[in-house]
Amino acid sequence: MSEYQQFINSISADVIEENIRVSEPISNHTFTKLGGEADLFITPSSFAEIQSVLKQAKKFNIPVTILGSGSNVIVRDGGIRGITLCLTKFNQISIKNDVITAQSGASIIDVSNFALEHERTGLEFACGIPGSVGGALYMNAGAYGGQISDVLEKARVMTRDGEILTLSKEDLHLGYRKSIFMNRDYVILEAEFQLNRGEYKMIKQDMDEFTNARKSKQPLEYPSCGSVFKRPPGYYAGKLIQDCKLQGFRVGGAEVSKKHAGFIVNIDQATSKDYIDLINIIKGTVKKNFDINLETEVIIMGEES
Ligand code: FAD
């Protein structure tokens, strides 16, 4: 019996069968519509399922890759070996006093809307960030002057041994698109956001303004992973790329967006190789013209084909 089959047998009492898929195309789970197959694609909906997967994966020495909504990743064309643990079914949101608790697979847009419904202010900036709570913490996502670190109070995480830890905001070392999660193998389980009471009309007004700004500036009509590069100190990546006259430049089906130069759009059945080759061309051109090293914000993972 293969190692994967033994692993599946070992979790079968804890994990619902429909939450386990074999050879799943990851392109179905990424915003770019890119990526090869995941050997095992598991979508747990409870603490117990996550714990069982992590413990047994450790026992069988199978690597585990975490995926949220797949809005900030490029998965290479060869896919992901071992287990891809996708948390989008683990998505409860609740409120107590001024604290909203959200499981890591909840969409941060849903959390922002939940805050609006409960007339709590602080998460308006997140109303158009198309990721999960886990991905938003991992990236310290932000927009329109706000970021996760402004409102996060605590995070609950699971170690690869299945142990649950509670970490304070300070423990997470949140910076510009940076967090401790980039250096530790934690699975983010839950986040607590400390918000303030606000007025529905004012909160909604800000959210509408951010949504309109996003629609007018971003190429939301095409698959993409948002801004590909981090903002280099003192510059805007999009402006540098625009000044290099790269808008509209294509590699295969991947194109530097004509609407927002910081985005690469999947215009015509791009491969991950197209995307990564284009990223390297952009980096090289910006370096040559401005002597600035662009760093990717997007996380590149998986195997080459
Ligand atoms: P994924 O892409 O699934 O994963 C990103 C990283 O987080 C991976 O390394 C993954 O392993 C890790 N991860 C995810 N969940 C967990 C978990 N539970 N535990 C441990 N690690 C985890 N970002 C902004 O900051 N601001 C914006 O305004 C913005 N606009 C965007 C607009 C568009 C159209 C798109 C496509 C993207 C945009 N993004 C933006 C990028 C993206 O939405 C954010 O980075 C988001 O926070 C990523 O969340 P995700 O769940 O999609 O993460």
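The figures follow:
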quantity	calculated
Residue within the stretch 96-104 that is under 27 Å from GLN218 (Cα atoms) and within 8 Å of the ligand (Cβ to nearest atom) present	yes
Residue among VAL251, VAL228, VAL157 that alone is in the same structural domain as SER112 (by TED's automatic domain parsing) and touching a residue at least 24 places away in the same chain (Cβ under 8 Å)	VAL157
Residue in the stretch 160-170 that is open to solvent by less than 20 Å² (accessible area, probe 1.4 Å) and either in the same structural domain as LYS59 (by TED's automatic domain parsing) or farther than 30 Å from VAL53 by Cα (or both) present	no
Single match in ILE62, ILE50 (criterion: open to solvent by less than 50 Å² (accessible area, probe 1.4 Å) and assigned to a loop (DSSP other than H, G, I, E, B))	ILE62
Selection within the stretch 175-190 - surrounded by fewer than 16 Cβ atoms within 10 Å (Cβ to Cβ), within 12 Å of the ligand (Cβ to nearest atom) and of a type outside the set (Ser, Thr, Tyr)	MET182, ASN183, ARG184, ASP185
Residues within the stretch 145-165 that are more than 8 Å from the ligand (Cβ to nearest atom), under 18 Å from the mean Cα position of the chain (by Cα) and not aliphatic (A, V, I, L, M), tallied	3
Meets criteria (within 24 Å of LEU85 (Cα to Cα) and basic (Lys, Arg)) for ARG177	yes
Subset of the stretch 142-159 [more than 24 Å from LEU54 (Cβ to Cβ) and polar (S, T, N, Q)]	GLN147, SER149
Test: residue in the stretch 218-232 that is open to solvent by 70 Å² or more (accessible area, probe 1.4 Å) and away from the ligand (no atom under 16 Å from the Cβ)	no
Selection status of ARG81, more than 10 Å from the ligand (Cβ to nearest atom) and outside the structural domain of GLU18 (by TED's automatic domain parsing)	no
Test: residue in the stretch 191-209 that is under 20 Å from the mean Cα position of the chain (by Cα), open to solvent by 30 Å² or more (accessible area, probe 1.4 Å) and over 16 Å from GLY145 (Cβ atoms)	yes
LYS89 in contact with a Gly (Cβ under 8 Å, 6 or more places away or on another chain), at pLDDT 95 or above and open to solvent by 20 Å² or more (accessible area, probe 1.4 Å)	yes
Among residues of the stretch 92-113, those that are open to solvent by 20 Å² or more (accessible area, probe 1.4 Å) and within 23 Å of THR43 (Cα to Cα), counted	8
PHE41 being touching a Lys or Arg at 6+ places or on another chain (Cβ under 8 Å), more than 22 Å from MET182 (Cβ to Cβ) and of a type in the set (Phe, Trp, Tyr)	yes
Tabulated pairs, the stretch 27-44, first on the phi < 0 side of the Ramachandran plot, second open to solvent by 10 Å² or more (accessible area, probe 1.4 Å) and basic (Lys, Arg), C-beta under 7 angstrom, 6+ apart or interchain	SER27/LYS33; GLY36/ARG76; ASP39/ARG81; PHE41/ARG21; THR43/LYS89; PRO44/LYS89
Search result, residues across the stretch 129-143 that are of a type outside the set (A, V, I, L, M, F, W, C) and under 15 Å from PHE31 (Cα atoms)	PRO130, GLY131, SER132, GLY135
Contacts under 7 angstrom Cβ, first residue in the stretch 123-140 being more than 6 Å from the ligand (Cβ to nearest atom), partner of a type in the set (Phe, Trp, Tyr) and open to solvent by less than 20 Å² (accessible area, probe 1.4 Å), 6 or more apart	LEU123/PHE193; LEU137/PHE181
Residues located in the stretch 198-229, provided they are assigned to a helix (DSSP H, G or I) and of a type in the set (Asp, Glu)	ASP206, ASP208, GLU209
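The values are calculated or read from the model by the stated rules, or taken from the named source; none is laboratory data. All of these numbers come straight from a predicted model, not from anything done at the bench. All Cβ positions, even for glycine, are placed from backbone atoms using ideal geometry, and neighbour counts span all protein chains on display. Keep in mind that these areas ignore ligands, DNA and RNA; they rest on the heavy atoms of the full protein, side chains included. Shrake-Rupley method; radii C 1.70, N 1.55, O 1.52, S 1.80 Å.
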